[in-house]
Each structure stands twice: as C-alpha cells, then as structure tokens.
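Asks: For reference, the structure I am asking about is given below.
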Amino acid sequence: MKIQPIVAILIALVLGWWLMKGEDTPAEAPVLHVLAGSELKDVEPLLPQLEKDTGVRLKLDYIGTLDGAEQLSQGADYPLAWFSHAKYLELLSGMNARIQAREKIALSPVVIGVRQSVARRFGWDASPPSWREIGQRAEAGELRFAMTNPTASNSGFSALIGLIAALSSDPEGFTLTPAQQEEVKGFFKGQRLTAGSSGWLAESYTRDQERLDAIVNYESVLLQLNRGGQLKEPLTMIYPREGVVTADYPLLLLDPAQRAAYDKVVAWFRQPGIQERLMKETDRRPMLPTVPLDARFKARDLIELPFPGQRSVVDRILSSYLDEQRPVAHAFFVLDLSGSMQGERLAALKASLLNLMGADTSLTGQFARFRAREQVTFLPFRDTVETPNTIGLSTEAAIEGELESARAYVRQFHAGGGTAVYAALAEAYRRVAEARQAHPERYYSIVLMTDGVSNSGLDFDLFRAAYQALPPDVRVTKTFPILFGESDNAAMHGLAELTGGKVFDGSQNLAAAFKAIRGYQ
C-alpha cells in the first residue's frame, strides 16, 4: 500500500517532535537513600519540592534509633543518615571518622504533655515543676504516664537521660546514689504505657487517654496531638525546671562522593521559608534565630541538659533502666506449634526465642533479651491449648540459670495437629486476669505468633465477645500479632485493632519481628 506524500510528511513531523521532546526531557534525578528515624515521616510532603528545587531526590528508609546506629556502625552502606539526634551514634567505635559532615535541621525538645486539668491541679500551668517533683507525683500514683522504651526509641531515651542528668549529683559520670536510684524507680512507678516508637505511643495514648494523665514525647508530637482533634482534653506542655534533652535532627553525610548533593539539601532545608514550613507543618522549632517562633511554643528559651560522653555510660544507664528501674513486666508468648510449623518454620521460631535468651549478642540484641525481674509465660497451642510454662527471671545473678531452663524448654518444641488461635488467646487473657489479681502493678503484654488460619476452638467473633466481657484492667493488655507463613493478615490486623496492639511482619525475618516487639513490652 502506497503512503501519500502528505501522510509521510505528517508522520515525519510527529516523529521529529517526539525526538525533540525526548531530548528536552531532563533525566530522572538519582535516588539518595537516607537511613532515617521513623519520626521523620512527617517531612516526606516536603521532599517533592526539595527535588524540584535542587534536583536531589531523597528516599527515607525508616528504622529505630538504636537499630540504625548499630547498622551504621557495622558498615551499612548509606550515603546519608538522619535521626532525631546523633549523640549516641557518635559514641560508637569508628563512627566519628565515618561521618563526613553534620548539619542540624530543626529542634524539638522531649517534654511532658500533661492533661490540662491535671496540670492545673498541680499548679504546673503557672510554675513548671522539677524532674524530682514530677517523679514524686508519679510515685504517689497521682501521675500515670506513657513513655517509649529508651532502648528502642529516642524520645524515651532522651527523657531517661534528662531525668538522670537532673537527679544525679555527678552530672559528668551520670552515677546515682542509692537515694537517687530510688527516685528514678519512683518516677517509673507512674508509667502505664510503653512503646517502641514515638508515633505509635501517641496513637496509643489517644486510645487510652481516659486512664492516663500524661505522655512523654517530642514537643512536636504533643503539639500535633493537641491540634489533631482526638483528645478529650488538651495537653499542657511541661518543661522541667532543670532542663530537657533536645532533638536537633542532624543530617549526616556518610559518603564523601555525595558532598555536592548533601550541601544542596542542607542549604535548601535551612532557607528561612523552608524552616518556617517545617515549623508550621511538622511543629518543630526552626534552627534559624531569624525565623520567629509561633505562639504555640510556650517555652521560648530551652535549658539543655548534659549528655553522656562515653558509650559505656549510656549502656550502663540503659541496662540499669531495664534491670532495676522500669515497671516489672510480664510477657505472654502465645505460640503456634501446629503441623504446618514443621521444618524451617519451627526452626525459625526456636532461633527467634533463643535470641531473646542471649543468643543474639549484638548491641540491640543485648537490650532486647529477657531481663532480670521479668516474668515470661510461654503458651503453646495446636488444636488445643498446651500447658503453659512461666519463667521467673529474678536477680541478675540468678538469671543465667533461669534462662538455661527456658532454652531447654524451647528446644523441645515439636510441631503437629491443628490451629486453635483464639482459644489460646482467650486462655492467655484468662491468665493475665489471674496474674493481675496477684500483681496489679506489673506491665502485661501478649505476643501471638501463628503461621495459619484458626481451624479449631473459638472463632474471632467468639473471642471478641469474650474479650469485651473482660474487666477494663485486663482489656488494657495489648496483643501484638506476628504475620508469618499463611497467617490470616486481615484477622491479625483486626485483633491488633481490637486490643490496641500492633501487627509485626515476620514473613521475611521472624527473629527481627520478635526483637522489635520487645520495645513494646
């Protein structure tokens, strides 16, 4: 078939236009991966404008602060890192040499948000209390608060450092006299909710606000709670008299080859207009003194408390918190030993539990293992619920023998039979109710690991009815389901929503899921 000359000309023109268009289209910006703290998710809406203005595309890969510090110290290949602060990271061996540049982007102190009526009753709305006064209210049962686990989240870590810096008569060594140690323990008698991340803590506080008086978190998170429309009573920001520890969000350059891109990003974030956007959209304070603070920032000038200068001091503080100061915890592990767990799945379960008993000697593994004073109940199930086994981890001196008993128990696990998920979970809540009668002061949590759909005993609807009939002090116990194998994802998310827990994905790495949950116990 012959093409008419006019048609050929039109085709040539169209082809030429497309070729010219292709030449004018700029190449897509290369992606710079940034290892970042999860609290920086609220910065993502600014990133398209950053790319448009600078040609640099950032991709934030989120991780917990200590996990991120450990990965970087072990050589994780990231050109940039961005956490709420880099003080602990810089204490790790070799990291100072690896960090090529650091520039602070914004500020947010870790403070205490107290329900308005409670702050007024204590007179804290008119005159800020000391850390000691806050601890005295908590020890007396007058201040019930939420705070993240210092070994998993930087907001809890910063609060713990601030508390000890304020109470210690040795601000350089951060040591405590016996009387000061008791004051720290007294402070944590008021803790009623913990978490592995600042964001989840805020969500959980909203759910549990009627039984809580306060929440320890970044000022920015607390301000977002106040304007989120879900609080029945606004939070009064409390800035203790001695001072606070402030997150300064340094952007770290790790790869010198990316220096030009790094400089562009820093210069963009430190523009007055962008600093103002950060303040308005993320509730963080600007780094630039030329950008005026909004009225919602009640404390204009912050007193900064000291931070330990040695890793050994930080590790001692965290270990003391876990073994001596925090509320005594009782964790229930509801474990699927049905026939589908045979082989590699059962081996993965055993390895995950043995890691929590000391097999994982990494930095984060040492803090995630079962600790002194903790109670751990294993509740295995198949098509029926097996006999539970409770390990009481008493003192640091006796803990190794107790852990060896737990290791022997886990090693003898074998798979077979059906899957009675909800019958086992109902039994776990029944035992929590019994334990609470004897020890109401303890912090209870439930972990559910199953690789399949429940096919024996109660179904979800019957379990939900049984759960809703429990006393309120038992219903506050949260269940943390782990997705694994062919587990029913929708049902596991429904279970977490019902109990106020959080779903963890163990499909790629079961051991990592078990370790992450430890920040919520």
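Asks: Going by what's in this entry, would ARG211 be described as touching a residue at least 24 places away in the same chain (Cβ under 8 Å), farther than 30 Å from LEU46 by Cα and either surrounded by fewer than 18 Cβ atoms within 10 Å (Cβ to Cβ) or polar (S, T, N, Q) (or both)? Lay out the reasoning, then the answer.
Replies: Values: touching a residue at least 24 places away in the same chain (Cβ under 8 Å): yes; farther than 30 Å from LEU46 by Cα: yes; either surrounded by fewer than 18 Cβ atoms within 10 Å (Cβ to Cβ) or polar (S, T, N, Q) (or both): yes.
Considered against the rule, which asks whether it is touching a residue at least 24 places away in the same chain (Cβ under 8 Å), farther than 30 Å from LEU46 by Cα and either surrounded by fewer than 18 Cβ atoms within 10 Å (Cβ to Cβ) or polar (S, T, N, Q) (or both), ARG211 comes out as yes.
Asks: Give, as residue ranges, the helices (runs of 4 or more DSSP H) completely inside segment 215-321 that count at least 1 residues that are at pLDDT 95 or above and touching a Lys or Arg at 6+ places or on another chain (Cβ under 6 Å).
Replies: Once the helices (runs of 4 or more DSSP H) in segment 215-321 are filtered for at least 1 residues that are at pLDDT 95 or above and touching a Lys or Arg at 6+ places or on another chain (Cβ under 6 Å), what remains is 219-226, 272-282.
Asks: Kindly provide the set of residues from segment 162-175 that are surrounded by 24 or more Cβ atoms within 10 Å (Cβ to Cβ) and either within 16 Å of ASP315 (Cβ to Cβ) or not aliphatic (A, V, I, L, M) (or both), ordered by number.
Replies: Across segment 162-175, the qualifying residues are GLY162, ILE164.
Asks: Does segment 365-416 hold any residues that are at pLDDT 95 or above, in a loop (DSSP other than H, G, I, E, B) and among the small types (Gly, Ala, Ser), and which are they?
Replies: Scanning segment 365-416 gives ALA415, GLY416.
Asks: Tell me yes or no: at least one residue of segment 70-77 is polar (S, T, N, Q), at pLDDT 95 or above and out of contact with any strand residue (DSSP E or B) (no Cβ under 7 Å at 6 or more places or on another chain). Can you show your working first?
Replies: Just the residues of segment 70-77 that are polar (S, T, N, Q), to begin with: 71, 73-74.
Narrowing further to those that are at pLDDT 95 or above: none.
No: zero hits.
Asks: What pairs come up if the first residue lies in segment 33-59 and is farther than 20 Å from SER197 by Cβ, the second is in a strand (DSSP E or B) and open to solvent by 10 Å² or more (accessible area, probe 1.4 Å), and their beta carbons are under 6 Å apart, counting only those six or more places apart or on different chains?
Replies: HIS33/LYS59; HIS33/ASP61; LEU47/LEU58; GLU51/ARG57; ARG57/VAL31; LEU58/LEU32
Asks: Then there is this: Restricting to segment 97-149, give me the number of residues that are in contact (Cβ under 8 Å) with a residue 60 or more places away in the chain, in a loop (DSSP other than H, G, I, E, B) and hydrophobic (A, V, I, L, M, F, W, C).
Replies: 5
Asks: Across segment 418-447, which residue is surrounded by the fewest Cβ atoms within 10 Å (Cβ to Cβ) among those that are among the aromatic types (Phe, Trp, Tyr) and in contact with a helix residue (DSSP H, G or I) (Cβ under 9 Å, 6 or more places away or on another chain)?
Replies: Looking at residues that are among the aromatic types (Phe, Trp, Tyr) and in contact with a helix residue (DSSP H, G or I) (Cβ under 9 Å, 6 or more places away or on another chain), I get TYR429.
Asks: Being surrounded by 17 or more Cβ atoms within 10 Å (Cβ to Cβ) and of a type in the set (Asp, Glu) is the filter here, so list the residues in segment 177-202 that pass it.
Replies: Listed by number, the list holds a single entry, GLU183.
Asks: Pairs under 7 Å by beta carbon, first residue assigned by TED's automatic domain parsing to the domain that holds SER352 and outside any loop (DSSP other than H, G, I, E, B) in segment 432-455, partner open to solvent by less than 70 Å² (accessible area, probe 1.4 Å) and of a type in the set (Asp, Glu), six or more apart or different chains?
Replies: As it stands, the answer is MET449/ASP336; THR450/ASP336, since those pairs meet every condition given.
Asks: Which condition number does PHE333 fail, the rest of (1) closer than 18 Å to ALA511 by Cβ; (2) open to solvent by 30 Å² or more (accessible area, probe 1.4 Å) being met?
Replies: Every condition holds for PHE333 apart from (2).
Asks: Do any residues in segment 282-298 that are in contact (Cβ under 8 Å) with a residue 24 or more places away in the chain have Cβ atoms under 9 Å from those of residues that are of a type in the set (Lys, Arg) and not in a loop (DSSP other than H, G, I, E, B), where the two are at least six apart or on different chains, and which pairs are they?
Replies: Taking only residues 6 or more apart or on different chains, the pairs are MET287/LYS104; PHE297/ARG285.
Asks: Could you check ILE238 against (1) assigned by TED's automatic domain parsing to the domain that holds LEU222; (2) hydrophobic (A, V, I, L, M, F, W, C); (3) more than 28 Å from THR151 (Cα to Cα) and say which number it fails?
Replies: (3)
Asks: Determine the pairs where a residue that is over 17 Å from PRO150 (Cα atoms), located within segment 354-369, has a partner that is of a type in the set (Gly, Ala, Ser) and assigned to a helix (DSSP H, G or I) with Cβ atoms under 6 Å apart, the partner being 6 or more residues away or on another chain.
Replies: Cβ pairs passing all conditions: ASN355/ALA511; MET357/ALA406.
Asks: Are any residues in segment 466-500 of a type in the set (A, V, I, L, M), in a helix (DSSP H, G or I) and open to solvent by less than 60 Å² (accessible area, probe 1.4 Å), and if so, which ones?
Replies: ALA466, VAL474, ALA491, MET492, LEU495, ALA496, LEU498 - these are the residues of segment 466-500 that are of a type in the set (A, V, I, L, M), in a helix (DSSP H, G or I) and open to solvent by less than 60 Å² (accessible area, probe 1.4 Å).
Asks: Among the candidates ALA152, ALA165, ALA159, ALA179, which residue alone is on the phi < 0 side of the Ramachandran plot, among the small types (Gly, Ala, Ser), assigned to a loop (DSSP other than H, G, I, E, B) and not assigned by TED's automatic domain parsing to the domain that holds ALA36? Steps first, please.
Replies: Values: ALA165 fails: assigned to a loop (DSSP other than H, G, I, E, B); ALA159 fails: assigned to a loop (DSSP other than H, G, I, E, B); ALA179 fails: assigned to a loop (DSSP other than H, G, I, E, B).
Only one candidate passes the filter, namely ALA152.
The values are calculated or read from the model by the stated rules, or taken from the named source; none is laboratory data. Computed from a predicted structure; not experimentally measured. We place every Cβ from the backbone using ideal geometry, glycine too, and count neighbours over all the protein chains shown. Side chains included, ligands, DNA and RNA excluded: accessible areas come from the protein's heavy atoms. Shrake-Rupley method; radii C 1.70, N 1.55, O 1.52, S 1.80 Å.
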